[in-house]
Structure formats: structure tokens, C-alpha cells
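Here the structure comes first, spelled out in C-alpha cells, and everything after it is commentary.
Coordinate-derived values only; no laboratory data. Note that this is a predicted model, so its numbers are computed, not measured. Here the Cβ positions follow ideal geometry from the backbone for every residue, glycine too, while neighbour counts run over all protein chains shown.
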Amino acid sequence: MKTRQEIDKQYTWDLEHLYKSHLDWENELNEILSIMNTLVLKKGTITKSSLNLQEALSLMDKLGSKLERAGSYARMNFDVNMGNAQTKIDYERIDNIYTKISDNLSFYEPELAKLEPTDFEKYKTEVPELAIYSFMFENLFKEKEHILTPQEEEILSRMSSLGGSFVKIYDDMTVNDWDYPEVDGTNGEKIIANETNYRKSLNSYDRNVRKNFFKALLGTYGAHINSLTSTTYGNVKYRIHLAKTRKYNSSRHMALSENHIPLKVYDSLIETVRSNVHQLQRYLDLRKHVLQYDDIHFYDLFVPLVKNIDKTYTYEESRDLVFDALGILGNDYVEVLKQAFSERWIDVYPNDGKTSGAYASGVYSVHPYSLLNFTGTLDDVFTMAHELGHVMHSYYSNKTQPYINSDYVIFTAEVASTVNEYLLYRYLLNKTNNKQERVYLLSMHLDSIRSTLYRQAFFADFEMQMHKMAEEDTPLTPDLLCKTYRELYEYYHGSNFIIDDELTYEWARIPHFYNSFYVYQYATGVSAAISLAKGILENRDSALASYLNFLTLGGSDYPINLLKKAGVDMSTSDPIIAAIQDFSSTIDLLNDSL
């Protein structure tokens, strides 16, 4: 693998757009702390008058924007130079500053919450600039009963670092402490059965390689299941304690209330997917038939149904494919995409010391950035389209909204990225005349919905049951969690699916469970995206205009309302049903193409 210095500059992101030099970044940190200190001096006065309020809110916006910029610089420098001591120090410094600001400004939100709605309306007439904070205060007033005294908030702020220790323990165990076993690869080479080799090994056409890797990896989690149960249980109890302290009905209620997502949205997702598990089981049966197996196991769910699709793409070819596929979104959209490439918003290739995976990051005062690890596979083309969806969502939101309303939440975050993926999938499907490519694309789409809708709903179901048991004072033991997980696999995947003992430990390798009630949003996000993308492709009335408008709205309203403006109502089961229907019709297309 190339070193960072060996990567052509044109394929690296240009962080000089953030700061021209490290010294400029250092100066920004000093200014951030200075703004924090100025805000601390305003403690007890920020709601005394309209001018005081406007000044405090403006300072907080300035602080947030500068902190976002400085934090992005430190993180992105670290992510492409993880072995560099200086980038690690800088990353730790910014993390310490975040903690310091959180501690010092713990009074801020409780003090704002003392303001009455009538007072805020009066202040807006005195200082019209306060109008941009209307949604923030609407949200704050609705959550008022859950905001504690400044002293209690300070205690909870300090406790949050303790609450975050459970996932750190999990990371230390699974990344730093464990010795993972080796298994034989197809040609006799040794493969370490760890998370790094997970997807590559489960994509192998050699069933014995997949089976041995799966059993070795999940068996490692099983060997540590007592410790993993303790960290999971500790995290669940922390979330339950926090919910009770903040006067929520449950930990699930607390998690969804943050963005005013009704509990019925979560419940409807689980109920709708549970009522349609036969479609998932239908696909599993088709997989078993195409692979010509007598039975089907978890380790058979990732292998491509078509062999020898080894087509690769250059970065430039991938870029042009994405431009063509997303052309339906309009010239302005594509022109901004071209700007992202020409102005080096994207870090493209893997290098020694670069983090794995891909992400996009919005920087309000500059422009979004994206990190890729492009190797030329079709998956990489889809990843490019996905991350550019995030880039464009951030670009339009930041361009249109004031800072306070620019940031969108997770419930809407995966919509734009998945719309891009769906448009690329349909573009490539319509373009190909090759039977194998068609089968590959159809099965790729089915696996995407299986892993994003069905699998994440399955996780959400398990998580809900796990928290409910703990809230009812049922101790979470390894046997109970593994038994619950097995029963869910039996229900979702059907009697023809073989549940190996190692699979019952799988819940322990899902890091998202440490961010409680997060995963369901992947399932709602893909459902919303499919409905929106199909509307655009079918030229439904105002579908494109409504979607492009959605990209500009950031976090200016509750996510349910934002998606309604885009043209999809997530308070109903209709989008979930539509995604399942898309899944079902794709199974039919795949059957016809075989």
C-alpha cells in the first residue's frame, strides 16, 4: 500500500480550505476558548433581555461553527495519517476542548429553558434577528420538562463520559485486546478471522472458507460472551437511568424524543416488517436454489449469485457514471458535484495509515468533504454515489439555512445518500444488456434492502426487547440474550434457515447497540429514499422539486415534517410497505433473469 506522500495530490482533499497552516488552526483554538469564556461570563443574564439573548445565541453559533471547522480539520488530518503522532495529539486536543466546553457551558440550555414562550415572542418583536431561532425554541419548550437544573445538568454532563466508557471498553476488547484465530483461505493462505476481513471472507465463492471464517469470528465473540454481556448490560442500565433522571417513560422514549419521532413510527416499522417476513424468506429460498445448496446459513447471505463479475472501474469512469446517473436531479446538482471533484473535496485512495471505510462531513463555513477508499469495484462506485448524497445534502442545507438550522439529524441523514444509490442502480440496470451484470445488479439491490431494511428492523426489534426486559428488572444474562436473538432469527428467517450456535452470539458484535435506538433509522431511511427516488424516476407531480427543496431544509423542522415536505409520510406504514413491494418485485425480476 502506498504511503500518504506517494498519493497524487489531486486525489487528496485540500484541507487548506479550512486553514492555511497549522498555526492558523492553533489560533482558532484560542479564539474558541475565548468565546467560551465570554459566554461563561454571561451566566445568569442571557434571558434577561432580548439583546442579551440575541448576543448569547450569536456567540453560541459562532462557537459552534468554529468548533465544527477546527474539529473537522483535526479529525480529517488524523483519518489520513493515523500513524502520525502530531495528528493524534491534535485529535485528542480537540476532543478535550469539546469536553471542556460541555462542562463550562452546562448552564446554557437550562437557562434558556427558563424563558417562557410568550417572552420569546415578545423578544422577537424587539429584535427581529431572533426569528431564526424560532424552531430551536419550539423544540426546547417541548422538551422543557426533561431539562434539569444547571447543577444537575453539570453532573449529567460529567456522567456522560462514564456512559460512553462502555463502547470504549467494547472497542478495546474487540480491536486491541483479542487475538483472533486464523483460518485457511481458498489457496491455503491464512486469513485472520477478524472484522477487517469480514466482508471479503463472507463474499468468497468457497463455502468452506466462509463457514470456517464465520465460526471462528463469531466463536471468538462467544468465548468472551460474559464480558460482552456485562458491557452491554451496563450501557443499557446507564440509558435507563438517564431516561428516568430526565423524566422520560423509557430509554426508547428518550432516544426518539430527541427528534420528536413518535413511538408509533418505531412500532409501525417493526409490525410492518414482521408482517412481511415471508418476502425475506422467499429471497433466502431463491438464494439457496441459485447457489444449489441443500440448506442455507448466515455465511451464505453475502456471496454474489453470479461468478466472475470482475469488472473494475477507474476513478474517473466511476465519477462519470455517477454524473450520468444523477443527471436526472438537474444541471445545478451535477455542477456542484463537478466542483467537489475539481476543488478536491474528496480524499480518494487508500494509503498506509488511513482509516478504513467512507464518510462525508459537512463544514458549515467552508464546504462538505468526503473520504473514500476507492479500489475500483462496483461497490466502490455505489459508495461514491452514497457519500456524494451526504455531500450534496450538506452543501444545500449549509448554503440555504442559518447555522442553527443547518445540521440534519440521523433520521433524515441517510435519505439523500440512498436516493443516489437507487438512482445509480436503476441507471446501470437500464443500461446493461449483459445477463450476468443484470443478475448481479438485481441481487446487489436485494442484498442492500435485506441488510438495510430487514436486518436493521431485526436489530431494532432485539434492541427494543432487550431494553424492555431491563426496564422490567429482568437481569440480562448471556443465555437470555442469546435465546432472544435465536428466537428472532427463527421468526424473521423462517424454518428453512439454519441457525448455527455461533450466530446466537452475533448481537455482541453490533457496536450500534451502544448508541441506543439508532439502527431503526437505517430502515426508515432506506424506505423513505426508495419512495422518493421512484417518484423522481416516474416523473410524479413535483417529486423532483419537492426532493431538491428537502435538501435545502437541513434541520429547520422536525424530521417527520421535513420528509412530508419531500413527499413521503413516515408517520404511516406506506413507505415501509412500498420498500417491501420493491423488494418483492425485484425478486420477481431476478427469477425472470436467471
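Considering all alpha-carbon pairs of the stretch 179-223, what whole percent are spaced by more than 13 angstrom?
Percentage above 13 Å: 44.
Which of the listed residues, 388, 348, 334, is farthest toward the dipole's positive end in the stretch 277-389, when Lys, Arg count +1 and Asp, Glu count -1 at the beta-carbon?
Of the candidates, 388 comes out farthest on the positive side.
Where Lys and Arg each count +1 and Asp and Glu each count -1, what net charge lies around residue 436 among other residues with Cβ under 13 Å from its Cβ?
Summing Lys/Arg as +1 and Asp/Glu as -1 gives +2.
Could you give the dipole magnitude of the stretch 179-223 about its Cα centre, charging the beta-carbon of Lys and Arg +1 and that of Asp and Glu -1, in debye to the nearest 20?
240
Per-residue counts of other Cβ atoms within 10 Å, averaged by peptide: what ranking do you get for 204-212, 123-131, highest first?
204-212, 123-131
Just to be sure I follow: if Rg is taken over the C-alpha atoms of the stretch 160-318 and Rh is the Kirkwood radius over the same atoms, what is Rg/Rh?
Here the Rg-to-Rh quotient is 1.06.
Students often check this: by mean Cβ neighbours within 10 Å, which of 286-294, 146-154 ranks highest, and how do the rest follow?
146-154, 286-294
Note the full-extension length gain between residue 334 and residue 291 as 0.36 nm times their separation in residues minus their Cα-Cα distance, in nm to one decimal.
11.5 nm
How many angstrom lie between the C-alpha centres of the stretch 49-128 and the stretch 338-354?
Using only Cα atoms to place each centre, the spacing works out to 28 Å.
Relative contact order of the stretch 4-163, please, whole-number percent, based on alpha carbon pairs below 8 angstrom and at least 6 residues apart.
So the answer I get is 25 percent.
Using each residue's phi in the stretch 112-129, evaluate 6.51 cos²θ - 1.76 cosθ + 1.60 at θ = phi - 60° and report the 3J(HN,Hα) Karplus result to the nearest Hz, with x for Gly and Pro.
4, 5, 6, 5, 8, x, 5, 5, 5, 4, 5, 4, 5, 5, 7, 10, x, 4
Please report the net charge: other residues with Cβ closer than 15 Å to the Cβ of residue 61, K and R +1, D and E -1.
Net charge in that neighbourhood comes out at -2.
Please turn the phi angles of the stretch 178-189 into ³J(HN,Hα) values with the Karplus equation 6.51 cos²θ - 1.76 cosθ + 1.60 (θ = phi - 60°), one per residue in order, whole Hz, x for glycine and proline.
Rounded to whole hertz, the list is 7, 9, 8, x, 9, 10, 7, x, 4, 9, x, 6.
Going from the alpha-carbon gyration tensor of the stretch 4-163, what semi-axes, largest first and in whole Å, does one get by taking the root of 5 times each eigenvalue?
Listed largest to smallest, the semi-axes of the stretch 4-163 are 36, 19, 14 Å.
Could you state the angle between the C-alpha long axis of helix 410-431 and the longest principal axis of the C-alpha atoms of the chain, as a value from 0 to 90 degrees rounded to the nearest 10?
Approximately 40 degrees, to the nearest 10.
Quick one: pull the percentage of alpha-carbon pairs in the stretch 87-204 with a separation above 24 Å.
59
What is the ratio of the Cα radius of gyration of the stretch 470-526 to 2.2 N^0.38 Å, with N the residue count, to two decimals?
Against the compact-globule rule of thumb, the ratio is 1.28.
Using the Cα atoms of the chain, I'd like the radius of gyration and the largest Cα-Cα distance, Dmax, both in angstrom.
In order Rg, Dmax, the Cα atoms of the chain give 24.7, 76 Å.
Can you work out D for the stretch 461-594 in µm² s⁻¹ from Stokes-Einstein, where Rh is the Kirkwood radius over C-alpha pairs, the temperature is 4 °C and the viscosity is 1.567 mPa s?
72
Which pairs break 25 Å Cα to Cα here: 43/124; 144/244; 142/168?
Result: 142/168 exceed 25 Å.
Obtain the nm distance between the two label points defined at residue 490 and residue 122 by a simple spin-label model: each point lies 7 Å from its Cα along the Cα-to-C-beta direction.
Distance between label points: 6.4 nm.
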